[in-house]
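The values are calculated or read from the model by the stated rules, or taken from the named source; none is laboratory data. Just so it is clear, the model here is predicted, and its values are computed rather than measured. Virtual Cβ from ideal backbone geometry, glycine too; neighbours counted across all protein chains shown.
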Amino acid sequence: MEQNGEGKPKQPVIFDGMALPPFPPLVKDAKGRFEEIRDLHCRKDDVLLVIYPKSGTHWVWEIVCMLLKKKAEYMKETKEFFFLEAIPDMSVVHNLASPRPLNTHVPYRWLPKQHIENGGKIVHVLRNPKDVAVSMFHHFNNTKEFGEPIDFKTFYERVFMGPVPLFGGWFSYEKEFEQAEAKDTRSAIFTLHYESLKKNPIQETKRLAKFLDVDLSDEVLAEIVDKCSFKKLKEANDTMKDFIKIVPGKTEVNPQEIMSKLYRKGEIGDWKNHFTVALNEHFDAVFKEEMKDSKIQVQYE
């Protein structure tokens, strides 16, 4: 984790069976912040992005924001300004103009109750968990969130598949969402597959626009898809300058450095370069057991 004032790695915050990043509000009072999120006063036109970490949140965030604005323009603020776990003060959310594109990694049970009761729109992205593990591994090593870099096998065993994984772990997170989508008829959930968006960006962006009740010409949709290509998002460094101002300890960090960590490769199937045969067999066995009652279809390549 990030270094504290004594030069020692910070430990993850443990709450409700989950390991959480040491964001200041969570370090101060994780239970209080989660309750604030659950009790958030919502508007009927709010759009909530609920995505497991390293599953394409920044990418889909930009697409959703452009669709809501009906323009292929990058946000002046980054998604961190609307990131419910990390913003310094939740009152910031109340002052945002509608429609508010809010985002969070919290599991379904902690989502704003009023948003669900209002039938509010929820955009959910599902990414193949092997690529999620690889992306998370590089993120933690690049940011030194676990002190000095560790090898992938160690990360896989101790962190990704550990006893208290991040936000409860991919399996628990996605199964809870699947069950809510099937049973909770109050909410409007749109599940987007990361891999489908990569392979068919125009088609999937049109589907997303329809869900958001946004009517755009094919030309504008194509421009949004182009602006939100991996290469162009990685080059869009200007959007990071305001974020740096509000993140403790990041004032001297170059926007290019942050963006390179947020947008590493964005590839499908990078897991093949990291999983050994033994690790892959272990994961497949765990997946088979964990997801035996699930209908979730994962795209591995």
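The set of residues in the stretch 35-61 being assigned to a helix (DSSP H, G or I) and surrounded by 23 or more Cβ atoms within 10 Å (Cβ to Cβ) consists of VAL60, TRP61.
Condition check for ASP151 on (1) in contact with a His (Cβ under 7 Å, 6 or more places away or on another chain); (2) surrounded by fewer than 22 Cβ atoms within 10 Å (Cβ to Cβ): one failure, at (1).
Just one of the listed residues (ASP218, ASP131, ASP213) is more than 23 Å from LYS71 (Cβ to Cβ) and either over 19 Å from the mean Cα position of the chain (by Cα) or surrounded by 16 or more Cβ atoms within 10 Å (Cβ to Cβ) (or both), and it is ASP131.
Does TYR173 fit the bill of being modelled with pLDDT of 95 or more, surrounded by 16 or more Cβ atoms within 10 Å (Cβ to Cβ), under 21 Å from the mean Cα position of the chain (by Cα) and within 24 Å of GLN114 (Cβ to Cβ)?
Yes, satisfied.
Evaluate the following for VAL93: is it among the hydrophobic types (A, V, I, L, M, F, W, C), surrounded by fewer than 21 Cβ atoms within 10 Å (Cβ to Cβ) and out of contact with any Ser or Thr (no Cβ under 8 Å at 6 or more places or on another chain)?
Details: among the hydrophobic types (A, V, I, L, M, F, W, C): yes; surrounded by fewer than 21 Cβ atoms within 10 Å (Cβ to Cβ): yes; out of contact with any Ser or Thr (no Cβ under 8 Å at 6 or more places or on another chain): yes.
Yes; evaluated as a whole, the condition is true for this residue.
Using the structure shown, decide if VAL125 is modelled with pLDDT of 95 or more and either part of a helix (DSSP H, G or I) or of a type outside the set (D, E, K, R) (or both). The answer is yes for VAL125.
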